[in-house]
1. Under 6 Å between Cβ atoms, which residue pairs at least 6 apart in sequence (or on different chains) link something in segment 80-109 that is in contact (Cβ under 8 Å) with a residue 40 or more places away in the chain with a partner that is polar (S, T, N, Q) and within 12 Å of the ligand (Cβ to nearest atom)?
2. Would a scan of segment 43-61 turn up a residue that is in contact (Cβ under 8 Å) with a residue 12 or more places away in the chain, away from the ligand (no atom under 14 Å from the Cβ) and assigned to a loop (DSSP other than H, G, I, E, B)?
3. In contact with a Lys or Arg (Cβ under 8 Å, 6 or more places away or on another chain) and either touching a residue at least 40 places away in the same chain (Cβ under 8 Å) or crowded, with 17+ Cβ neighbours inside 10 Å (or both): which single residue out of SER32, SER12 fits that description?
4. Given the conditions (1) within 17 Å of CYS7 (Cα to Cα); (2) within 14 Å of the ligand (Cβ to nearest atom); (3) of a type in the set (A, V, I, L, M, F, W, C), and given that MET88 satisfies all but one, which numbered condition is not satisfied?
5. Do you know which residues across segment 81-110 are in contact with a strand residue (DSSP E or B) (Cβ under 7 Å, 6 or more places away or on another chain), farther than 26 Å from PRO60 by Cβ and assigned to a strand (DSSP E or B)?
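Each value in this text was obtained by applying a stated rule to the coordinates, not by laboratory testing. The structure presented is a predicted model; accordingly, all values stated were derived computationally and were not measured. All Cβ positions, glycine included, derive from the backbone under ideal geometry; neighbour counts span all protein chains shown.
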Amino acid sequence: VPCTYKCIFGISHPTKGIEGGTNHIVMGKGYSYLILTGPGKIYWFLNVKNSEPTYGKGVPSYTVEDERRLAEQHFEDRLNEYDTFRDMYKNKIISRLTPLHEYQWKRWYFGRVMTIGDASHKVSYPWYLQYMSSNLGTCRPIRTLSQCH
Ligand SMILES: Cc1cc2nc3c(=O)[nH]c(=O)nc-3n(C[C@H](O)[C@H](O)[C@H](O)COP(=O)(O)OP(=O)(O)OC[C@H]3O[C@@H](n4cnc5c(N)ncnc54)[C@H](O)[C@@H]3O)c2cc1C
């Protein structure tokens with residue numbers, strides 16, 4: 001299973017430059033942000049390209065310290081006229097760093113055994129959210145299961 005990107009995702013209290021009811025995409029070299037707003041909160045993703053892909057058991061499990069280090073490397077990234085990533089991160093309620101695996105098995109069943117959900121396909125989250133709308137991750141498995149009975 002290959003993995004090229006990692007993602008810090010989190011929820012923060014609002015910052016000066018991010019108005020409620022707006023969505024933001026910020027692109028940089030080797031990284032991008034997706035920032036969505038809800039009532040009184042900001043939901044955000046910082047996606048970062050790894051220097052090289054890792055595979056299978058070589059894909060790291062990240063610690064809180066890994067997240068802090070990566071976040072600090074991006075503190076000066078400008079998100080808008082008023083905010084840098086530092087402002088959003090300092091306002092955080094919760095956040096996590098996760099690897100973003102990407103694969104789609106050509107064969108996802110064997111006899112009466114089948115895989116569904118992320119066990120059969122997993123795509124880099126920011127792209128499918130932006131271009132294919134959200135909730136595919138959970139809707140596809142639910143649809144598959146409901147068609148089974
Ligand atoms: C940052 C991020 C944001 C996302 N946001 C959205 C979103 O807004 N909307 C959306 O639809 N999707 C979203 N997704 C995708 C969504 O999270 C996944 O598509 C969905 O959780 C997949 O569900 P699943 O049940 O197939 O797999 P998982 O949620 O990965 O569940 C698999 C479970 O199996 C357990 N497990 C693994 N190995 C074993 C074992 N050997 N024995 C027993 N248990 C085991 C794991 O611990 C885990 O609990 C997001 C993903 C990421 C990374």
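1. LEU100/SER124; GLU102/SER124
2. yes
3. Working: SER32 fails: in contact with a Lys or Arg (Cβ under 8 Å, 6 or more places away or on another chain).
SER12 is the lone residue from the list that is in contact with a Lys or Arg (Cβ under 8 Å, 6 or more places away or on another chain) and either touching a residue at least 40 places away in the same chain (Cβ under 8 Å) or crowded, with 17+ Cβ neighbours inside 10 Å (or both).
4. Failing condition for MET88: (2).
5. Once the filter is applied, which keeps residues that are in contact with a strand residue (DSSP E or B) (Cβ under 7 Å, 6 or more places away or on another chain), farther than 26 Å from PRO60 by Cβ and assigned to a strand (DSSP E or B), segment 81-110 yields only THR84.
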